[in-house]
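Peer 1: Take a look at the following structure, please.
The values are calculated or read from the model by the stated rules, or taken from the named source; none is laboratory data. On a predicted model such as this, the values are computed, not experimentally measured, just so you know. Don't worry about glycine lacking a Cβ; one is built from the backbone with ideal geometry, like all the others, and counts go over all protein chains shown. The area values use the complete protein model at the heavy-atom level, side chains included, leaving out ligands, DNA and RNA. Shrake-Rupley method; radii C 1.70, N 1.55, O 1.52, S 1.80 Å.
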Amino acid sequence: METVGMSRGEIAILGVGMHPWGKWGRNFVEYGVKAARDALADAGVDWRDVRFVSGAATIRNGYPGQVAGATFAQALGWQGAQVNTSYAACASGSQALAAARSKILSGECEVALAVGADTTPKGFLKPQPGERPDDPDWVRFRLGITNPSYFALYARRRMALYGDTVEDFAAVKVKNAAHGLANANARYRKAFTPEEVAASPLVADPLRLMDVCATSDGAAALIVSSLDYAKKIGKARAPRIAAISTATPTFPSAVVEMPDIATDSAVAAPAQSFRAALPARAYEEAGIAPADVSLAEVYDLSTALELDWIEDLQLCARGAAAQLARAGATRIGGRIPVNPSGGLACFGEAVPAQALAQVCELAWQLRGDAGARQVENARVGITANQGLFGHGSSVIVKR
């Protein structure tokens, strides 16, 4: 196998692991330990050889969740490794991975564990209660705008600007559900028809229940290392992380992003919207172009949002994502499969785990280990993820 391009700052993915998504009602630590142990076994690395543990934080699980790196290090057995905990809302997992990469590239360690896990409440995620006048989440906190309300506004924008239809949105759910059937870690493994999506309850017009992702329990973990270490243990051909982008928004912004209305910036005018800037930075760092991408794992909080991400990733022209999907290009077997894992449509949100889960899927795909959902000749994969208050990420993995 050839290696695509060559950029500085690459690290190897030695092993990946997950705890299946669902509503298990157990402590999040149990999920994270399972994912971490699976990643260690997949890597063939002894836990005592891991010298840095980078945890993605979960604010819903008390102090242990807020110091997740130390929590998982203790649960796996104290062995002296350095620890880190990162919180960036839905991009927490990629921030934890970025910290691990920095530690490896600085030469401070050769092998690191990045892990995230969550136990979530029933229903849609919402701001924490209480009076907080300085909370940056004020659009939701003060005005009561829920996540699905934002997703519906994004969907309405696509309909007004590009002529997308509710049938186009439903087709995204049908496609992702078909992909998720072959994923043992997915929470929902059920085929859907467009008629079943259309018959589900209306949540926020034009989006129905089957257009919006659920909240889930789950975990994901990666064992990453320097390229020299990978070569030393016989894994020189392991997939490589070529870029991790965590760019923040610029101002002025033509589109109101959740939950922030920008008021100032050091930049006079942006080259891209916030979401589009994330992969643009990743492409630049990895030294590749959108045409090099074999598959994408994107943050499909809603069906319509997946179409936005396809355009943000520059996999087609702005406004052309629905047409791309109608042609079957985003299915496994198509030109550019999107969410071969099944996406959040099949997994739901386990906030600190989901950015890591996307990278796990890319690693399986690039190794040729994805089974019935395998993308043929997968060589480069990219993720797209967004968190609240200017957080987001895009990770590029290549072989």
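Peer 1: Positive end of the charge dipole of the range 124-186 (Lys, Arg +1 and Asp, Glu -1 on Cβ, about the Cα centre): tell me which of 143, 125, 162 has its Cα farthest that way.
Peer 2: Among 143, 125, 162, the one farthest towards the positive end of the dipole of the range 124-186 is 162.
Peer 1: So what does residue 203 come to for accessible area, using a 1.4 Å probe and Å² rounded to 10?
Peer 2: The accessible area comes out at roughly 50 Å².
Peer 1: Please report the carbon-and-sulfur percent of the accessible area for the chain; probe 1.4 Å, protein heavy atoms only, DNA, RNA and ligands left out.
Peer 2: Carbon and sulfur atoms account for 54 percent of the accessible area of the chain.
Peer 1: What is the P(r) of the range 306-370, as percent of Cα-Cα pairs per 5 Å bin from 0?
Peer 2: Going out from 0 Å in 5 Å bins, the range 306-370 shows 4, 17, 22, 24, 20, 11, 2 percent.
Peer 1: Mind checking the per residue accessible area of the chain for me, 1.4 Å probe, whole number of Å²? Walk me through the intermediate numbers first.
Peer 2: Details: 15800 Å² over 399 residues.
Ligands and nucleic acids excluded, the result is 40 Å² per residue.
Peer 1: Please give the charge dipole size of the range 19-125, origin at the Cα centre, charges +1 on K and R Cβ atoms and -1 on D and E Cβ atoms. Round to the nearest 20 debye.
Peer 2: 360
Peer 1: Once phi is turned into θ = phi - 60°, what whole-Hz ³J(HN,Hα) does the Karplus curve with 6.51, -1.76 and 1.60 give for every residue of the range 60-70, x standing for Gly and Pro?
Peer 2: Result, rounded to whole Hz: 8, 10, x, 4, x, x, 7, 10, 4, x, 5.
Peer 1: Please report the accessible area of residue 318 (heavy atoms, 1.4 Å probe, ligands and nucleic acids excluded) in Å², nearest 10.
Peer 2: Taking all protein chains as shown, residue 318 has close to 130 Å².
Peer 1: Charges on Cβ only, +1 for Lys and Arg, -1 for Asp and Glu, centred on the Cα centroid of the chain; of 282, 114, 207, which one is farthest towards the dipole's positive end?
Peer 2: 114
Peer 1: Give, rounded to the nearest 20 debye, the magnitude of the charge dipole that the range 108-214 has about its Cα centre when Lys and Arg contribute +1 at Cβ and Asp and Glu contribute -1 at Cβ.
Peer 2: In total the dipole reaches around 360 debye.
Peer 1: Across the range 221-233, in residue order, what do the Karplus-derived ³J(HN,Hα) couplings come to in whole Hz, using 6.51 cos²θ - 1.76 cosθ + 1.60 with θ = phi - 60° and x for Gly and Pro?
Peer 2: Ordered by residue, 3J(HN,Hα) equals 8, 9, 9, 10, 8, 5, 5, 5, 5, 4, 5, 4, 9 Hz.
Peer 1: Subtracting the Cα-Cα distance from 0.36 nm times the residue separation, let me have the gained length for residue 159 to residue 63 in nm, one decimal. Before the final figure, lay out the partial values.
Peer 2: Values: separation 96, 0.36 × 96 = 34.56 nm, distance 4.33 nm.
Gain on stretching residue 159 to residue 63: 30.2 nm.
Peer 1: Can you give me the distance in nm between label points at residue 335 and residue 132, each placed 7 Å from the Cα along the Cα-to-Cβ direction?
Peer 2: If labels sit at residue 335 and residue 132, their model points lie 4.4 nm apart.
Peer 1: Going from most exposed to least, what order do 361, 131 have by accessible area with a 1.4 Å probe? Write down the numbers at each step before the final one.
Peer 2: On the way: 361 5, 131 130 Å².
Sorted descending by solvent-accessible area, the residues read 131, 361.
Peer 1: Shifting gears a bit: What is the set of long-range amide H partners of residue 83 at a cut-off below 5 Å, with H atoms built 1.01 Å from backbone N?
Peer 2: Residues meeting the criterion, in which the H sits 1.01 Å from N, are 53.
Peer 1: Under a 5 Å amide H to amide H cut-off, with H placed in plane at 1.01 Å, what residues pair with residue 219 once short-range neighbours are removed?
Peer 2: The answer is 19.
Peer 1: If you take all C-alpha pairs in the chain, what percent of them are over 38 Å apart? Intermediate results must be reported in sequence, preceding the final value.
Peer 2: Details: 10236 of 79401 pairs.
Everything past 38 Å amounts to 13 percent.
Peer 1: For the pairs 23/175; 175/235; 232/398; 103/232; 122/173; 103/175, flag any whose C-alpha to C-alpha distance is greater than 28 Å.
Peer 2: Working: 23/175 23 Å; 175/235 34 Å; 232/398 20 Å; 103/232 19 Å; 122/173 21 Å; 103/175 39 Å.
Going by Cα-Cα distance, 175/235; 103/175 fall outside the 28 Å limit.
Peer 1: Please give the charge dipole size of the chain, origin at the Cα centre, charges +1 on K and R Cβ atoms and -1 on D and E Cβ atoms. Round to the nearest 20 debye.
Peer 2: Using Cβ point charges on Lys, Arg, Asp and Glu, the chain gives about 700 debye.
Peer 1: For the chain, what does -39500 (n - 2.57) per DSSP helix run (n ≥ 4), summed and divided by total residues, give at 222 nm, in deg cm²/dmol to the nearest 500? Mind showing how you got there, number by number?
Peer 2: Numbers: 14 runs with 144 residues, N = 399.
Only helices count here, giving -10500 deg cm²/dmol.
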